[in-house]
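Reviewing the structure listed below.
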Amino acid sequence: MDNSYVYIMFSKKNGTLYAGVTVDLIKRVYEHKNKIIKGFTEKYGVDKLGYYEVYNDLENAIKREKIIKKFYRKEKLELIERMNPDWEDLYEGLL
C-alpha cells in the first residue's frame, strides 16, 4: 500500500490549527490552500502545512490522527515546533 500521512495545518504562527489524515498529502494541502473543500480550514484561513508524519498504512495513520486530535493545543504546538521551529509552510518542500 502507498504511504499515508497525518498532518497539522496552521493559519499563522501560534494561530488556528487543524489535524487531518490523507493518502495524498500534496493534493490535500493544495485543497486546503485553494479552499476547494468548504469547512473549518476554509472558514478560518488554515492553509499552511506545519507538521506531518508518514505511515506505510492508512489504519495506523488514522489511529495516530485520533491521538493527535485529542492532544491539548500545547502538545500540537510542540509537534510543530520540533519539526518546524521557524513555522515555515512545509508544502513547498514537498513539491
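Where a number appears in this text, it was derived from the coordinates with a stated rule and is not lab data. Given the structure is predicted, the values throughout are model-derived calculations rather than measurements. No Cβ is skipped: glycine too gets one built from the backbone with ideal geometry, and neighbour counts run over all protein chains shown.
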Check your understanding: Which whole-Hz couplings ³J(HN,Hα) result when phi for each residue of region 27-40 is put into the Karplus expression 6.51 cos²θ - 1.76 cosθ + 1.60, θ = phi - 60°, listed in order with x for Gly and Pro?
Key -> 5, 5, 5, 4, 4, 5, 4, 9, 6, 6, 9, 6, x, 4
Point to revise | Stretch gain in nm, segment Ile62-Lys12, where the contour uses 0.36 nm per residue and the Cα spacing is subtracted | key: 15.5 nm
Review point. How many nm separate the modelled label positions at Ile37 and Arg82, each set 7 Å beyond the Cα in the direction of the Cβ?
Key: 2.5 nm
Practice item. May I ask you to list the lysines whose Cα is less than 17 Å away from that of Lys48, ignoring any residue fewer than eight positions away on the same chain? Key: Lys12, Lys13, Lys27, Lys33, Lys35, Lys38, Lys76
Practice item. Please report, in cubic angstrom per residue, the volume enclosed by the convex hull of the alpha-carbon atoms of region 4-94. Key: 88 Å³
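Give the longest segment of the chain that steers clear of trypsin sites (Lys or Arg not before Pro) in DSSP loops with at most 14 neighbouring Cβ atoms within 10 Å, not counting the sites themselves.
Within the chain, the longest run free of exposed trypsin sites (Lys or Arg not before Pro) spans 39-95.
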